[in-house]
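Shown next, in C-alpha cells, is the structure this report addresses.
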Amino acid sequence: MKYTRQNPYYSYLKDRCLLNKGSTKKTYHISLEINSNELDFKVGDSIGVIPLNDIKLIKKTLKNLKINQPNDLEITALNKVNICTGTKKLILKIKDNLKNSTLLTSLEKILLNKDTLDKYLNSRHVWQILEEFPSDITLDDTCLNLRTMLPRFYSIASSKNFVKNEMHLLVTENTYHLQNTICYGIGSNYLCNLAKINDPIAIYVQKSPYFTLPVDEETPIIMIGPGTGLAPFRAFLQDRCLNKTISLKNWLFFGERNKNYDFYYQNFLEEIQVRNQLKLNVAFSRDQDKKIYVQDLIKKNGNEFFQWIRDGAIIYICGDAKQMAKAVEKTILKVFQDAGKMSDNEAGIYLKMLRKNKRYLCDVY
Ligand SMILES: Cc1cc2nc3c(=O)[nH]c(=O)nc-3n(C[C@H](O)[C@H](O)[C@H](O)COP(=O)(O)OP(=O)(O)OC[C@H]3O[C@@H](n4cnc5c(N)ncnc54)[C@H](O)[C@@H]3O)c2cc1C
Ligand SMILES: NC(=O)c1ccc[n+]([C@@H]2O[C@H](COP(=O)([O-])OP(=O)(O)OC[C@H]3O[C@@H](n4cnc5c(N)ncnc54)[C@H](OP(=O)(O)O)[C@@H]3O)[C@@H](O)[C@H]2O)c1
C-alpha cells in the first residue's frame, strides 16, 4: 500500500523525550510506533506529518465565529486549515460580511497595499483577526478562505535494519513572538507538546532517492549536520555501524549551541567513535565568546577533508538552508582551492562534478 498525504499511514506516538533539558531551545527525540512491514522507507528518507492545530487556538477561533460549544465536526473542520496565518481571501470575505462602517474603513486601510496587508497578517493569528473585525462570516466560509493545513517534513532518525516497528525523529520546537506572546510552530508543537502518548499520528514517507547510503560500505562518507540536521545521520550510522566491529570511514561534523545541553545522542556517537567507526568533530557555537560553526572545523581539517574526497568520499549536508548550507559550501570551495591547489574556477567545476556524480548531496530546509 502506498501511503500519501491524502491517504496517510497512522502511526502512534510511542515515546517522547526532551534531549536538552536546561538548554535555550527544546529538542525532542520522538518515537513513533509503526509496523515496519507496512511502511516502506530507507535511511535518508523523511516523513510528512499531517499535524493538528492547538485545541486552544481552535476554540478561540470558533468562539469568535460565535460557536461556544463546538462539536467534533466543527473542530475537525478547523484542523484541516492553517489557523495561525490569515489570508487576503479571508480578509475580503470578512469585509463582505462586515456591517460596522468604522471597522470597514479600518479593514480597507489594511487592504490598501501589499506591505500593510502582509504586516497585518504576519502579526496575529486568525482568531485575533476575527475578534478585531466581528462580522457574520460563517465557519464554512472561514475554512474555505484559509490555507489548507500543509504537512511538515521530518528526517527519519532511525534505521529499519536496526530499530524494528519504530521510527525515530529529532524535532526542535519552533517558537516565535506575536505581540509579546510566545507562539509555537504548528507541526513541531504538535509533535513536541500537543500529541499525547498513544495518539495516532498521520504520516507518509517522502522518499529521497539520492540522499542515502552508498551500497558499498567501504565508500567513505562525510556527514555535515548541525542542529536537527543530525537526524538522518543517526540513521546512517545505525545502519552502517551497529552490530559490526570493523573500522569504517564515517566522518561527522555536528554543531549545536552548548555542549552541556545540546549534544544530542552523545553516548551513541562516542560509542561508535571509540570503535573506530566514526570520526567526530563537534562545534558548540555558544560555549565561547567567538562562535564556532561546523564550517570552521571543516576549514581546520581542510587537508584531510580533501584527501577523503580524493579517496571517493560522498559529502552529505543536512539542516538549515538559509545560512548554514551556503556557508558550508563556501568553505568547501575554499578547501578545494587551498588543499586541492585549485583556482576559484577549478574549485567550482570540481564541486559541479561532485554534484553531478551524486557525491555532494544536500537535504536542507
Ligand atoms: C525535508 C525536510 C526535513 C526536515 N527535517 C526536520 C527534522 O528532522 N527536525 C526538525 O525539527 N525539523 C525538520 N524540518 C523542518 C520542519 O519540517 C518544519 O519546518 C519545522 O518543524 C517548523 O514547522 P512548524 O510547523 O513547527 O512551524 P510553522 O507553523 O510552519 O511556522 C514556521 C514559522 O513561520 C512563522 N509564522 C507562522 N505563523 C506566523 C504568524 N501568524 N505570524 C508571523 N509568523 C508566523 C514563524 O516564524 C514560525 O517560526 C525539515 C524540513 C524539511 C523540508
Ligand atoms: N524559529 C525557531 O524557533 C526555530 C526552531 C527550530 C528550527 N528552526 C529553523 O529550522 C532550521 C534548523 O534549525 P535547528 O534547530 O536544527 O538548528 P540551527 O538553528 O540550524 O542551529 C544549530 C547550530 O547551527 C549554528 N549555526 C547558526 N548559523 C550558522 C551558520 N551560518 N553556519 C553554520 N552553523 C550555524 C547554530 O549556532 P547559533 O544559533 O549559536 O548561531 C547552532 O549551533 C533552521 O532553519 C532554523 O532557523 C527555527
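Below is a table of values for the structure above.
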item	result
The chain: relative contact order in percent, alpha carbon pairs under 8 Å with at least 6 residues between	20 percent
For region 117-189: relative contact order, % (alpha-carbon pairs under 8 angstrom, 6 or more apart)	22 percent
Segment Asp115-Glu132, length gained on full extension (0.36 nm per residue, minus Cα span)	4.2 nm
Set of aspartates and glutamates with alpha-carbon distance to Lys358 below 19 Å, sequence-local pairs under 8 removed	Asp45, Asp216, Glu217, Glu218, Asp311, Glu329, Glu346
Share, in percent, of DSSP beta bridges within the chain that are antiparallel, nearest 5	60 percent
Solvent-accessible ranking of Val282, Val335, largest area first, probe 1.4 Å	Val282, Val335
Accessible area per residue, Å², region 1-80 with all protein chains present, probe 1.4 Å	56 Å²
With all protein chains modelled, accessible area of Asp296 [1.4 Å, Å²]	70 Å²
Net length gained if the chain between Lys341 and Lys89 were fully extended (0.36 nm per residue, minus Cα distance)	85.1 nm
Full-extension gain in nm, Phe153 to Glu166, via 0.36 nm per residue minus C-alpha separation	2.9 nm
For peptides 249-261, 27-39, sequence by mean Cβ density within 10 Å, most packed first	249-261, 27-39
For region 319-365: relative contact order, % (alpha-carbon pairs under 8 angstrom, 6 or more apart)	49 percent
3J(HN,Hα) from dihedral phi, region 127-144, Karplus parametrisation 6.51/-1.76/1.60, rounded to Hz, x for glycine, proline	4, 6, 5, 5, 6, 5, 10, x, 9, 9, 4, 9, 5, 4, 5, 4, 4, 5
Whole-Hz ³J(HN,Hα) from phi, Karplus 6.51 cos²θ - 1.76 cosθ + 1.60, for region 68-81, glycine and proline x	8, 10, x, 9, 4, 5, 5, 5, 4, 4, 6, 6, 8, 10
Sequence of Arg234, Arg152 when ordered by accessible area, the most exposed leading, probe 1.4 angstrom	Arg152, Arg234
Asn7-Glu270 pseudo-label distance in nm [points 7 Å out on the Cα-to-Cβ vector]	4.8 nm
Proximal lysines relative to Lys352, as straight alpha-carbon distance under 19 Å, when same-chain residues fewer than 8 apart are discounted	Lys326, Lys330, Lys334, Lys341
26 Å Cα-Cα reach of Lys99 towards lysines, excluding residues that sit fewer than 8 places from it in its own chain	Lys59, Lys60, Lys63, Lys66, Lys88, Lys89, Lys109, Lys114, Lys119
Percent accessible area from carbon and sulfur atoms, the chain, protein chains only, probe 1.4 Å	50 percent
Rounded to whole Hz, the Karplus (6.51, -1.76, 1.60) HN-Hα couplings of region 342-353, x for glycine and proline	10, 7, 3, 5, 5, 4, x, 5, 4, 5, 4, 5
Cα Rg over Rh - the chain, Kirkwood	1.04
Against the rule of thumb 2.2 N^0.38 Å, how large the Cα Rg of region 288-365 comes out	1.08
C-alpha center-to-center spacing [region 291-317, region 132-194] in angstrom	35 Å
Computed FRET value (nearest 0.05) for Leu18 with Asp287, which takes r as the C-beta separation and R₀ as 25 Å	0.80
Surface/4 of the Cα convex hull for region 206-365, nm²	9.6 nm²
Volume in Å³ per residue [convex hull over Cα atoms, computed for region 1-145]	183 Å³
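The values are calculated or read from the model by the stated rules, or taken from the named source; none is laboratory data. In this text, all values refer to a predicted model and were calculated from it rather than measured experimentally. Cβ coordinates were reconstructed from backbone atoms using ideal geometry, including for glycine residues, and neighbour counts include every protein chain displayed. Heads up: the accessible areas ignore ligands, DNA and RNA and are worked out on the full protein's heavy atoms, side chains in. Shrake-Rupley method; radii C 1.70, N 1.55, O 1.52, S 1.80 Å.
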